[in-house]
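**Q** Sharing a structure here in structure tokens format.
The values are calculated or read from the model by the stated rules, or taken from the named source; none is laboratory data. The structure presented is a predicted model; accordingly, all values stated were derived computationally and were not measured. Ideal geometry is used to build each Cβ from the backbone, glycine not excepted, and the neighbour counts take in all protein chains shown. Just the protein is used for accessible areas: all its heavy atoms, side chains included, with ligands, DNA and RNA removed. Shrake-Rupley method; radii C 1.70, N 1.55, O 1.52, S 1.80 Å.
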Amino acid sequence: MRRGLGTSRYGSAPGYGSGGRGPGRSLLMQIWRLKVLAGPAVNREIPIGNELVIGRGRHGGGSLGGDPELSRLHARIKRTPEGVLVLEDLGSTNGTYLNEWRVTAAQQLRAGDQIALGQTLLELID
């Protein structure tokens, strides 16, 4: 079970299945991107790099096409020294959701995870 997810729109947190990386792929070498599935920036892909701060006050991909429901500093995705991606909510007003569960503490991300914030729905792809 993922820790720190908090509450869902549907009840208490479920167990969480394993996400997948292909065999032999190094976390440090992976190029992660967010595919925008819904929202003002729909159909765009946003590279993550070592850190991506998402918010209304950001320029470039982090503004998610000017999504008006984002907080100025809404969420952050950062790569740990081990190459793992971690999602954090930065005290946003409307919240950040990982696979429909509100994020209340930093969460490790896996390929295929969906992140909802503001009017935007994102999917993590590698």
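**Q** Going by the structure shown, is residue 98 open to solvent by 60 Å² or more (accessible area, probe 1.4 Å) and under 14 Å from the mean Cα position of the chain (by Cα)?
**A** For residue 98, the condition - open to solvent by 60 Å² or more (accessible area, probe 1.4 Å) and under 14 Å from the mean Cα position of the chain (by Cα) - is not met.
**Q** Got a number for residues in the range 80-95 being β-branched (Val, Ile, Thr) and either touching a residue at least 24 places away in the same chain (Cβ under 8 Å) or open to solvent by 40 Å² or more (accessible area, probe 1.4 Å) (or both)?
**A** Residues meeting the conditions: 2.
**Q** What are the residues in the range 101-120 that are touching a residue at least 24 places away in the same chain (Cβ under 8 Å), under 13 Å from residue 70 (Cβ atoms) and either surrounded by fewer than 17 Cβ atoms within 10 Å (Cβ to Cβ) or not hydroxyl-bearing (Ser, Thr, Tyr) (or both), if any?
**A** 115, 117, 118, 119
**Q** Sticking with this one: Tell me, which residue of the range 72-109 that is farther than 19 Å from residue 123 by Cα and of a type in the set (D, E, K, R) is modelled with the highest pLDDT?
**A** Here the residue is 72.
**Q** Condition first: modelled with pLDDT of 95 or more and in contact with a strand residue (DSSP E or B) (Cβ under 6 Å, 6 or more places away or on another chain). Now tell me which residues in the range 52-66 satisfy that.
**A** Within the range 52-66, 52, 53, 54, 64 meet the criteria.
**Q** On to the next question. What pairs come up if the first residue lies in the range 60-79 and is under 16 Å from residue 33 (Cα atoms), the second is open to solvent by 40 Å² or more (accessible area, probe 1.4 Å) and polar (S, T, N, Q), and their beta carbons are under 7 Å apart, counting only those six or more places apart or on different chains?
**A** Once the first residue is under 16 Å from residue 33 (Cα atoms) and sits in the range 60-79, its partners that are open to solvent by 40 Å² or more (accessible area, probe 1.4 Å) and polar (S, T, N, Q) give 78/50; 79/50.
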